[in-house]
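The values are calculated or read from the model by the stated rules, or taken from the named source; none is laboratory data. The structure displayed is predicted, hence computed values, not measured ones. Here Cβ is always computed from backbone atoms with ideal geometry, including for glycine, and neighbour counts include all displayed protein chains.
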Amino acid sequence: MQKFLIVVDMQNDFIDGALGTAEAVAIVDNVKAKIEGFDGRVIFTRDTHFADYLSTQEGKNLPVEHCIKGTDGWQIRKELDILRKTEAIDKPTFGSRELGEKLCTENEKEEIESITIIGLCTDICVISNALLIKAFLPETKVKVDAACCAGVTPDSHKTALNAMKMCQIEIENEE
């Protein structure tokens, strides 16, 4: 049986760039250790926007240019990117249908025992992908490692963890 670790949007703009937070900076070492110690396959996602970002629905609701393809802010944090063995999944929105479809295909080849999700931001892209994965693979164990996630705020991080628990997503390392 396969195990997957999904590393969500550990990009410069979310860590210490345009939308960075102290909490995001604080999890980088945890994320690195989790990837290095993971016994299974690792998939990275990358929030990907373009020059027209401010005219998109997301851009109108969050008018802060970030993760514009090709910029330094779009890049995965260097110490994490060197651990990446496959191409990242670029996603234009919070959740990635491509990720869900890829995991379904992998599950058809060989059953997936568990999928662990880590990264940024707990309350936006992590929860979106966790719920999406649970919808694609309802009988697969989906976990989120709280010590390897950070939200927009500490309160919204906790709220997202509680919402995921209610949807039968296991939360590890919760404070």
Per-region count, segment 35-56, residues out of contact with any Ser or Thr (no Cβ under 9 Å at 6 or more places or on another chain) and surrounded by fewer than 14 Cβ atoms within 10 Å (Cβ to Cβ): 7
Near pairs, Cβ below 8 angstrom, 6+ apart or cross-chain, from segment 107-126 (on the phi < 0 side of the Ramachandran plot) to any residue that is modelled with pLDDT under 95: E110/M1; E111/M1; I112/M1; E113/M1
Residues satisfying the stated conditions in segment 108-126, i.e. within 22 Å of R46 (Cα to Cα) and of a type outside the set (G, A, S): I115, T116, I117, I118, L120, C121, T122, D123, I124, C125, V126
Residues (among the small types (G, A, S) and buried (at least 18 other Cβ atoms within 10 Å of the Cβ)) located in segment 106-140: G119, S128, A130
Search result, residues across segment 1-34 that are among the aliphatic types (A, V, I, L, M), closer than 13 Å to E79 by Cβ and surrounded by 19 or more Cβ atoms within 10 Å (Cβ to Cβ): V7, M10, I15, I27, V31
